[in-house]
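Colleague: Before we start, here is the structure in question, set down as structure tokens.
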Amino acid sequence: MSTVEAPLYPIAVLIDELKNDDIQLRLNSIRRLSTIARALGEERTRSELIPFLSENNDDDDEVLLAMAEELGVFIPYVGGVEHAHVLLTPLEILCTVEETCVRDKAVESLCKIGSQMRDNDLIEWFTPLVKRLTAGEWFTARVSACGLFHIAYPSAPETLKTELRSIYGQLCQDDMPMVRRSAASNLWKFAGTVESAHLKADIMQMFEDLTQDDQDTVRLLAVEGCAALGKLLEAQDCAARILPVIVNFSQDKSWRVRYMVANQLYELCEAVGPEPIRTDLLPAYVRLLRDNEAEVRIAAAGKVTKFCQILSPELAIQHILPCVKELSLDSSQHVRAALASVVMGMAPVLGKDATIEQLLPIFLSLLKDEFPDVRLNIISKLDQVNQVIGIDLLSQSLLPAIVELAEDRHWRVRLAIIEYIPLLANQLGVGFFDDKLGGLCMQWLQDKVYSIRDAAANNLKRLAEEFGPDWAMQHIIPQVLEIANDSHYLHRMTLLRAISLLGPVLGSEITCSKLLPVVVNASKDRVPNIKFNVAKVLQSLISVVDQSVVEKTIRPCLVELSEDPDVDVRYFAVQGLQSIDQVTMSS
């Protein structure tokens, strides 16, 4: 190929691959658009590549999605922001396709490009594009247009702004529910760019129209933007215009709308001030906590602590606590799980007396729940209660239930308890810990589930760090080393794992006198898995013990293992010997 024709080669390859029957080749060529654009140069990218992409839009959705994404970052390849408008044509076409994810990505890319364009280019190129889409015969164009108004509006002159507000109002009343849905979900973005006077008049009128829509999917999207819209208004306007809508929606006939209200209610509280919360939003929230639809109760229960934080303790005790008691006995396990994930956070809000009197019975009830996720959610937040009521009360009231859960039939519950033990140990102190929980920690080392045994070994390491080597020497080491004689090889492997974790914490002296002899003895085990784990443990102990011990004890053991019949044992033994040689050379 001659040097004159060389620049044509990339575009020829692109055209060839874009028309290939193999979708993967077409995808690859689209993802290489930036490389091809660099090869062509800015001018030819504008005059050849972009028009080609505009014509080549009848393709598989996956290819179109990749194209929409690539074009969003294409400004540098067409000559910078002054030429950004050339990218609008292919993206405008992609905004009209049937596949939703392609349209969404095209709108996202248009927003990226529009936010970088100069004001006069927005007026000349971007705003006409928005108007063409809103006049589109097919609903897909109008759906896409709703997501572009917040980019076009700020730079428009006054007459054009009036026209854009009017067009958006028409989209809010479009015949197609899909268009009204898009208008509802994008309203808060558009509202953020509109001047205050028009916000109160035009935008709030659109909001009220959408909230009265006969389609529940439109109403719930209007609710979704409520909090964002409320924050744009002054507190008294929010209380007058948005609050009545939300209170009304908390009794909507569609459970989906009520569900969205339950999710949004807390965010709206920040916009309206304390008095409307007490008089309007609190009764609405209580209604949602007692809703007859489980999904609504789940959403409301998940916000119970956040809601209590903006109320006085007296109001929370009077209005919210009775609902919490009902929810803790709810027929839906998912409602109880949602409550359990947040209810512990109510303790700091309500204070010590109310926690002891009112919340502790609820915690106990949830700790004994038949559904494991409920128990898990309570266990993971115990520290929040301890901060309020103190360790003595916590141990008297909740510890028996925790000990019971340590032997729970669901291994994930046992795992959660293990992970909580070091924190509990820190709070209980060494004496209490030895009496109540010490035995459990040893018991878990011989659990039938690997994740529990591994977590138990990690747990011993964290306890040794918490209480110190002397405590570990007295309370952990003798019982751990007894496992060396266990008949089950998996338990003996757990012993090796525990030794590898405890060695660095306990230091050279205890490792040499107590742990290393057990490891060396295990190298003569009949099970290959034990032997190659011995090699791994010995390798991990090289940095813990003195060099003389490495040469006298660890190296001979690894040399012996390197001649083992089993290939894995030999491999790990050689790895260990190489580590010793590296340490020797570096010292």
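The values are calculated or read from the model by the stated rules, or taken from the named source; none is laboratory data. Since we're looking at a predicted model, the values are computed, not measured. Neighbour counts are summed over all protein chains in view; Cβ atoms, including those assigned to glycine, are modelled from backbone coordinates with ideal geometry. The accessibility values were calculated without ligands, DNA or RNA, using every heavy atom of the protein model including side chains. Shrake-Rupley method; radii C 1.70, N 1.55, O 1.52, S 1.80 Å.
Colleague: Where the accessible area of region 468-586 is counted over protein heavy atoms with a 1.4 Å probe, how much of it, in %, is carbon and sulfur? Could the numbers behind the result be given before it?
Modeller: Values: 3070 of 5880 Å².
Its accessible area is 52 percent carbon and sulfur atoms.
Colleague: Let me ask you something else. Step through the table entries LYS105/LYS306; LYS461/LYS552; LYS131/LYS306; LYS303/LYS461, compare each Cα-Cα distance with 32 Å, and write down the pairs that go over it. Before the final figure, lay out the partial values.
Modeller: On the way: LYS105/LYS306 34 Å; LYS461/LYS552 27 Å; LYS131/LYS306 43 Å; LYS303/LYS461 37 Å.
Beyond 32 Å: LYS105/LYS306; LYS131/LYS306; LYS303/LYS461.
Colleague: Quantify how much of the Cα-Cα distance distribution of region 468-586 extends past 25 Å, in percent.
Modeller: On the way: 1253 of 7021 pairs.
Taking all Cα-Cα pairs of region 468-586, the fraction more than 25 Å apart is 18 percent.
Colleague: Just to confirm my numbers, what's the Cα centroid distance between region 556-587 and region 500-546 in Å?
Modeller: 13 Å
Colleague: If you find the alpha carbon centre of region 109-169 and of region 258-297, how far apart are they in angstrom?
Modeller: Value for the Cα centre distance between the two parts: 35 Å.
Colleague: Can you work out the accessible area per residue across the chain, with the rest of the protein chains kept in place, probe 1.4 Å, in square angstrom? If you can, show how the numbers build up before the last one.
Modeller: On the way: 26150 Å² over 587 residues.
Per residue, the chain has 45 Å² of solvent-accessible surface.
Colleague: Follow-up question, since we're still on this one. Exposed loop sites here are trypsin sites (Lys or Arg not before Pro) in DSSP loop states with at most 16 other C-beta atoms within 10 Å. What is the longest stretch of the chain lacking them?
Modeller: Details: sites that count: LYS19, ARG32, ARG118, LYS253, ARG290, LYS368, ARG409, LYS448, LYS524, ARG526.
The answer is 119-252.
Colleague: Return the Rg/Rh value of the chain, two decimal places, where both radii are evaluated on C-alpha atoms and Rh is the Kirkwood radius. Don't skip to the end; give the middle numbers.
Modeller: Details: Rg = 33.6 Å, Rh = 30.0 Å.
Taking Rg over the Kirkwood Rh, I get 1.12.
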